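Structure, as structure tokens:
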2 protein chains.
Amino acid sequence: ELIPASEVNLTARPSRIAEIMKYGFPGMDNVRSHSDYVLSYDRRNRVPHWVFEHLTAASVAKNDAVDRSKCDFRPDESIHPYFRAQNTDYRRSGYDRGHMAAAGNHRLHQKHCEDTFLLSNMAPQVGQGFNRDSWNSLEMYVRKLTQSHPNVYVCTGPLYLPHKEDDGKSYVKYEVIGANTVAVPTHFYKVIVAEAADKKLHMEAYVMPNQVISNDTPLKVFQVPPETVERAAGLLFFDKMNRQQLATINGKKV
Amino acid sequence: ELIPASEVNLTARPSRIAEIMKYGFPGMDNVRSHSDYVLSYDRRNRVPHWVFEHLTAASVAKNDAVDRSKCDFRPDESIHPYFRAQNTDYRRSGYDRGHMAAAGNHRLHQKHCEDTFLLSNMAPQVGQGFNRDSWNSLEMYVRKLTQSHPNVYVCTGPLYLPHKEDDGKSYVKYEVIGANTVAVPTHFYKVIVAEAADKKLHMEAYVMPNQVISNDTPLKVFQVPPETVERAAGLLFFDKMNRQQLATINGKKV
Ligand SMILES: [Mg+2]
Ligand SMILES: [Mg+2]
């Protein structure tokens with residue numbers, strides 16, 4: 001039997017994992033590799049700890065043969081049933097199934113697109129005003145970086161940030177939805193490293209609250225030192241990066 | 001130079017780790033092995049995910065040469081500074097530095113005792129009425145099981161359980177203390193497997209709220225199906241146990 005061209009080379013070759021994870025794993029908890037992204041799953045919260053993508057102008061290009069409407073949100077059978085998010089958990093919750101590895105970054109092959117629709121790649125996101133708006137703008141911004149930078153690496157995930165209450169104490173509080181108590185993160189982060197043609201690395205980190213954000217808010221407002229995300233997430237980003245190559249952090253020379 | 005008898009065989013030999021972890025690892029996130037217990041560290045919450053101990057009548061015996069007052073609570077240098085709990089985090093928080101692997105289980109060698117005083121083995125616990133009372137009773141109960149069962153395995157850790165609020169939604173809420181935002185768990189669990197002389201295994205699981213508990217409350221009240229703890233913690237306990245050997249769960253024949 002002939003193998004259709006569209007099915008060639010679509011599962012994650014070890015070399016592809018090495019490309020994606022070139023600058024190190026943020027953590028090692030329940031790691032899963034997919035055809036075009038790598039994920040670490042938080043079994044307690046039923047959402048990812050982090051997802052890692054390596055984007056190039058070629059890899060994010062739109063292939064008209066790829067049909068997003070044929071990609072279904074589906075449970076990840078590789079996760080133990082006790083910890084597996086289901087579509088019913090999200091239903092009537094008021095939250096979107098928010099992609100961590102964005103579907104729009106993986107339009108070159110049908111399989112790449114489909115892999116991003118696993119529920120293990122989702123976290124509950126406010127839909128209107130966030131997932132479909134400000135967060136989507138951040139995703140488009142990252143994708144656009146591939147036009148000016150040959151290689152873009154992006155790590156994305158949820159945060160559960162504390163707030164101070166009237167009693168002077170700090171609390172973490174978040175909703176959980178559905179029978180499988182899927183955590184609704186208070187915030188989401190992206191930590192990005194864009195490699196320029198001169199091999200210099202440009203790092204940016206963003207934290208956005210999981211709430212309606214006015215469309216006229218510039219993305220700059222959400223920039224934070226990468227260390228802030230690391231401390232809050234319990235992860236270390238781009239640990240294997242050669243610091244000599246690092247030219248800027250959040251647009252400022254280092 | 002002569003090696004003092006007290007320093008012989010006190011670091012975790014691979015064979016000791018295999019003994020402790022005989023029935024499987026509940027999870028693989030940031031695992032650390034110590035002289036007489038094994039731990040998985042939650043870098044986001046700065047407390048353990050789980051600690052595992054293997055207790056026998058001999059291993060829990062009190063050695064009068066061991067001086068608990070010489071064991072100091074100290075930061076675990078093996079944890080990255082971003083995620084490392086400090087004594088100052090607990091100071092004036094109102095919470096005890098609560099041992100997950102109980103000091104009272106490791107009194108055979110000074111090094112065993114000292115290892116349990118690492119802050120990576122602690123979680124904030126209500127002192128009076130919990131750590132020093134009901135939780136201590138549960139620890140004593142586990143220790144006592146070694147008198148009737150040649151081998152006792154116990155896994156201990158924190159939980160962050162949801163509660164329903166007036167809006168009909170479920171929330172997880174917990175305090176975080178100190179500059180390093182150490183999480184104050186809402187509950188703690190113990191999952192125990194006691195191996196009898198006839199090799200039959202007896203499993204018990206307990207969940208206790210991190211609050212003042214009246215001293216006359218029987219431990220039985222806190223028994224829960226082990227699966228309940230697994231789902232809440234995102235962990236799988238005693239996965240490698242031969243289910244044929246399992247005689248009882250929470251005192252009931254299986
Ligand atoms: Mg989205
Ligand atoms: Mg204690």
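Read-outs throughout are calculated quantities, based only on the coordinates presented, and are distinct from any laboratory measurement. Because the structure is predicted, anything quoted here is derived from the model rather than measured. Cβ atoms come from the backbone with ideal geometry, glycine included; neighbour counts cover every protein chain shown.
Taking a Cβ cut-off of under 11 Å around B:ILE249, the surrounding Lys, Arg, Asp and Glu residues balance to a net charge of +1, with basic ones at +1 and acidic ones at -1. By the count of other C-beta atoms within 10 Å, a proxy for reagent exposure, B:ARG68, B:ARG92, B:ARG16, B:ARG107 are ordered fewest to most as B:ARG92, B:ARG68, B:ARG16, B:ARG107.
Which percentage, to the nearest 5, of the DSSP beta bridges contained in the protein assembly as shown is antiparallel?
Percent antiparallel among DSSP bridges in the protein assembly as shown is about 90.
In this simple spin-label model, placing a label point 7 Å from the Cα along the Cα-to-Cβ direction at both B:ASP198 and B:ASP133 gives a separation of 3.9 nm. Each other copy holds its own label point for B:VAL254; taking that point as 7 Å from Cα along Cα to Cβ, the gaps run 5.0 nm, nearest first. Of the beta bridges in chain B, as assigned by DSSP with both residues counted there, near 90 percent are antiparallel. Highest mean packing first, where packing is the average number of other Cβ atoms within 10 Å per residue, the peptides B:54-62, B:173-181, B:236-244 line up as B:173-181, B:54-62, B:236-244. The simple spin-label model puts a point 7 Å past each Cα toward its Cβ; for A:THR88 and A:TYR171 those points are separated by 3.1 nm.
Distance from the Cα centroid of the stretch B:227-254 to that of the stretch B:74-96 is 32 Å (rounded to whole angstrom).
From its DSSP helices (H runs of at least four residues, each -39,500 (n - 2.57)), chain A gives a residue-normalised ellipticity at 222 nm of -4000 deg cm²/dmol.
Evaluated with a Cβ-only charge set (Lys, Arg +1; Asp, Glu -1), the stretch B:4-126 carries a dipole of roughly 200 debye about its Cα centre, given to the nearest 20.
Neighbour counts of other Cβ atoms within 10 Å put B:ARG46, B:ARG84 in the fewest-to-most order B:ARG84, B:ARG46.
Here r is the Cβ-Cβ distance between B:ALA58 and B:VAL224 and R0 is 30 Å; the resulting FRET efficiency, rounded to 0.05, is 0.50.
The residues A:LYS253, B:LYS70, B:LYS190, when put in order of fewest to most other Cβ atoms within 10 Å, stand as A:LYS253, B:LYS70, B:LYS190. Distance between the 7 Å Cα→Cβ label points at A:MET140 and B:ARG243: 5.2 nm.
So, counting K/R as plus one and D/E as minus one, what does the shell of residues with Cβ under 13 Å around B:TYR174 add up to? In short, +3. Restricting the calculation to Cα atoms, the stretch B:67-190 yields a radius of gyration followed by a Dmax of 16.1, 53 Å.
How big is D for the stretch B:127-198, in µm² s⁻¹ as a whole number, if Stokes-Einstein is applied with the Kirkwood radius of its Cα pairs at 20 °C and 1.002 mPa s?
D, rounded to a whole number, is 144 µm²/s.
When the listed pairs B:LYS62/B:LYS253; B:LYS111/B:LYS144; A:LYS220/B:LYS169 are checked against a 31 Å cut-off, the alpha-carbon distance exceeds it for B:LYS62/B:LYS253; A:LYS220/B:LYS169.
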